[in-house]
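The values are calculated or read from the model by the stated rules, or taken from the named source; none is laboratory data. Just so you know, these numbers come straight off a predicted model, no measurement behind them. For neighbour counting, all protein chains shown are included, and Cβ atoms are generated from backbone atoms with ideal geometry for every residue, glycine included. The protein model used for the area step is the full one, side chains on, heavy atoms only, and it has no ligands, DNA or RNA in it. Shrake-Rupley method; radii C 1.70, N 1.55, O 1.52, S 1.80 Å.
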Amino acid sequence: LRLITQTSLSSMCLKQILLRPVAFAQVWNSQFGSHSLIGNKNIILMGLPGAGKTTVGRIVAQKLDCPVIDIDDDVLETTWNMSVSEKLQDVGNERFLEEEGKALLKFSASGSVISLTGSNPLHVAGMQHMKRNGIVVYLDVPITVIMSRLNSMKVDRIVGQSPGVSLRDILQFRKPFYKRWHDIRVLCGGDTAAEVVAEKVLDAVKRYQNSELETFISTRSGRSGRSMDKDSHKYFSDVVIEGLAPDGGLFVPERGLPKFTAGEWQSLIEATYVERAQVILERCIHPADIPASRLAEIVETAYGENFTCAKIAPVRHLAGNQFILELFHGPTASFKDFALQIVPHIFAYCVPTSCNYLVLVATSGDTGSAVLDGFSRLHEADKQRIAVMIFFPEDGVSPIQKSQMIGCQKENAWSVGVKADFDFCQTAIKQIFTNSDYTGFLTVEYGTALAAANSINWARLLPQIVYHASAYLDLVHQGIIPFGSPVDVCIPTGNFGNILAALYSKMMGIPIRKCICASNENNVLTDFIRTGAYDLRGRKLIPTFSPAVDILKSSNLERYLYLLTNEDGQMVTQLYNQLENQGHFQLQKGILEKLQQDLVAGWCSEEDCLAAIHSVYSTTGYILDTHTAVAKVVADRLQDRTCPIIISSTAHYSKFAPAILRALRIAEINQNPLSQLHLLSSYSPLPPVHWGLLETLKKKGNEDHRVCAADIGTLMSHIETLIQNHFL
């Protein structure tokens, strides 16, 4: 006892020693032994009643050779001198939570594994106290599994459940509290053994404590160029800010993407889109870059009231084995909203407040309005230090797209039309970023750094992985397929970002068999996938009804080639140097064969695009936009009908009203975009005309925008002028 009183053991540990003498050795090791994993920190297990916190906690503590503390048995019942159920019956629900919180506030421990009660997270002060010296691990178990476990334990009521409230409802009510407090999430399927969950907890804690394992490298870094020098590492926050690697390559995770087990994916089948997004992004973004609780707030803000459909990215049956993934329910009516409602908030969190930032974006149409809208929704303080400028081909977007980009301009969001095609805009921005003299001048003279939000920015790709995974899980949830059965996906493809995200979701464990790359008449990708020859010699960009895929240089293809070449940055550098200098490159036979295991490709003419829109509307009443029609035509030609195929509908047809009206064979077409939408609405189409687009087009006073020549010097002059106007 003299020895004990000379130490800093907590009162809880003293009780353990006095009441449980056999645990003395464990307590002593916890206080004075070497626990390299947690040190003096606690591992705090949190989850719904029935999540397995107590059992898992004992296993984790045994593996770490440290004390295990169960709040129910070791704190509450010891403090109250009665059972938890007796206390609940004595004081009632509301007072019980307060009494439970008071007990937590008096409790302290270190170097222990602590299993919370299911209701502890409802007490704010108590949880704040616990988090000060602990890593909170959320054992995330599907509610259906929890219900089954509680039923088998003959539990039909839990703390906080009022008369008339179902057990499922109170469990659902509690989940947001867990999201608020957790540092780490561990997905637990229904049949996952406690031993396996304990190992996952330890792995998750190791990841949490070691952010240096999640670094990024350029696609043009050779294997010999990988440096272990700490100062050379790039973390998620760095690549969000920098966008493009200094050597002109694109950032990729040095150790690849996280893998989900089949059981982990299955635990998300009943989850909402927002819940799936939070789980997937938590695994892709280290908490040292963005804590889980903050990331949850960002996701909920991004996919809240801004989307017109509660399911965010619903999957609709079209015909036969074809399903439409509707990616147009965001505020600007295209799939770009999925990334660009979330990336601005991620960017604002990651960038230091000591510098102003101007985000530069090249767009072939849909990206422009999505970027402008997303960055204009930042908090006012963030808008003072973060602005965005988009460059788009003045004559290379649809009239409605242009009106939308002009209408989405705000005090920190501007659009510039360029008398050139998209490829010029994209190349010009890359050259501006790699011009160290110019970027250095902006930093020194104006205190402003440049950043990118195009799909070359790694943060843009992550939200796209989510909707491809979610679409598959929706088919399972709807009973279309059992988990594990394959699907094909068909995606209208220009810059290769969307289809790359599908390939990434496959690498993370989603059972995608083939990714079908659908091109319009600018079919350089189709030729490349079929032959391995990426050849721009003699090619001219052809304006089409599907302008978002009117692209010849597909930037994100570089990330895929990096994977195909076994992460050989030197080979990627050679290929792109050859493309830049000679206008073409050819893949080696073995690499092409690997590519063709993942991808097939086809293209669609303008006539076939319009015919598909007319045919689908005539038979189903559903209107495809022009890009989705391209994918539909290619899917019809290439699918083998042995499994479902998910066609990505990347934009709402309202954005391309003239082409849609032409496809529907309506002779009289008013040139006013708003009139065109009203005409389409009169057909009572499925889905309805996009309300957000209507509201934008109704705005007055936003008709003006800047137009400049196809000259990099002129673009740089515009950048400098707008920096002066906004930041100075």
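Brief remarks follow.
- Between Gln128 and Ser148, the distance separating the two model label sites (each 7 Å from Cα on the Cα→Cβ line) works out to 4.0 nm.
- Amide H contacts under 5 Å for Ile269, placed H, 5+ residues apart: none
- In this structure, the residue pairs whose Cα-Cα separation is over 26 Å, taken from Lys200/Lys594; Lys63/Lys154; Lys430/Lys632; Lys402/Lys553; Lys175/Lys336; Lys311/Lys410, are Lys200/Lys594; Lys63/Lys154; Lys430/Lys632; Lys175/Lys336; Lys311/Lys410.
- Within the chain, percent of DSSP bridges classed antiparallel, to nearest 5: 20
- Helix-only CD estimate at 222 nm, as mean residue ellipticity for the chain, using -39500 (n - 2.57) per DSSP H run (n ≥ 4): -14000 deg cm²/dmol
- Label-to-label distance, nm, for residues given as Lys311 and Ser83 (7 Å Cα→Cβ offset): 4.6
- Remark: the Arg537-Glu297 segment gains 81.6 nm on full extension, using 0.36 nm per residue and subtracting the alpha carbon distance.
- When peptides 162-173, 63-74 are ranked by their average number of other Cβ atoms within 10 Å per residue, the highest-first order is 63-74, 162-173.
- If both residues of a DSSP beta bridge must be in region 262-413, then about 40% of such bridges are antiparallel.
- Extension gain (nm, one decimal) between Gln724 and Lys589, 0.36 nm per residue minus Cα-Cα: 43.4 nm
- Qualifying aspartates and glutamates (Cα of each under 20 Å from Cα of Lys87; at least 8 residues distant if same chain): Asp70, Asp72, Asp73, Asp74, Glu77, Glu98, Glu99, Glu100, Asp156
- If R0 is taken as 25 Å, the Cβ-Cβ distance between Asp247 and Gln582 corresponds to a FRET efficiency of 0.80.
- A straight chain from Thr434 to Ser485 at 0.36 nm per residue would run longer than the Cα-Cα distance by 13.9 nm.
- Fraction of accessible area attributable to carbon and sulfur, region 123-268 (%, probe 1.4 Å): 52
- Two-site FRET efficiency, Ala709 against His678, from Cβ-Cβ distance with R₀ of 30 Å, rounded to 0.05: 0.25
- Cβ charges +1 (Lys, Arg) and -1 (Asp, Glu), total dipole of the chain, debye: 1000
- Percent RCO, i.e. relative contact order, over the chain, from Cα pairs under 8 Å lying at least 6 residues apart: 12
- Region 649-686 versus region 309-375: alpha-carbon centroid distance in Å: 23
- Taking 7 Å steps out from each Cα toward its Cβ at Val91 and Gln597 produces label points 6.1 nm apart.
- Computed about its Cα centre, the charge dipole of region 34-210 is approximately 600 debye, with only Lys, Arg, Asp and Glu carrying charge at their Cβ.
- Modelled FRET efficiency - R0 60 Å, Thr55 with Ser618, Cβ distances, 0.05 increments: 0.50
- Per residue, the accessible area of the chain comes to 38 Å² when a 1.4 Å probe rolls over the protein heavy atoms.
- Ordered from largest to smallest accessible area (heavy atoms of protein chains, 1.4 Å probe), the residues Thr619, Thr367 come out as Thr619, Thr367.
- Exposure rank, largest accessible area first [Phe545, Phe391; 1.4 Å]: Phe545, Phe391
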